[in-house]
């Protein structure tokens, strides 16, 4: 009977440790993504072109880290995002899915400077031979 109680107690301790670990990992990632979720909630559609605005001021996007990672295409971007937020790299070649589009970015600095950037992507096709 004593051996049975010890076994049950040991199993309960192990299950408790596993549960605390899972809750801790979940909480860590939820906290890590909370600022990004706040920024996403500020997205506002301005017109039917479609043109959107979003407030990035409350989140740290680790842009220096992203630049140091050496993102040069869609696949590398996915690797960076998955390693940062999932803890392991996922390889998806986003460039295969892009057929055209335009991305613009504008921001005001605290000194009143206005920054604007735009990129145009027209008909990306990948060929292998």
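Read the figures in this text as sums done on the coordinates, not as results from a lab. Note that this is a predicted model, so its numbers are computed, not measured. Counting neighbours? That spans all protein chains shown, and the Cβs are built from the backbone with ideal geometry, glycine included.
Please arrange 65, 36 by counting, for each residue, the other beta carbons lying within 10 Å of its beta carbon, fewest first.
65, 36
What distance in nm separates the two pseudo spin-label positions at residue 92 and residue 28, each 7 Å out from Cα along the beta-carbon direction?
For residue 92 paired with residue 28, the spin-label model returns 2.3 nm.
Say each of residue 117 and residue 7 gets a label point 7 Å from the Cα, pointing the same way as Cα to Cβ; how far apart are those two points in nm?
Rounded to a tenth, the inter-label distance reads 6.2 nm.
Counting other C-beta atoms within 10 Å, which of 76, 37 has the fewest, and how do the rest follow?
Going from sparsest to densest Cβ surroundings: 37, 76.
What is the distance, in nm, between label points placed 7 Å from the Cα along the Cα-to-Cβ direction at residue 55 and at residue 107?
Spacing of the two 7 Å Cα→Cβ label points: 1.6 nm.
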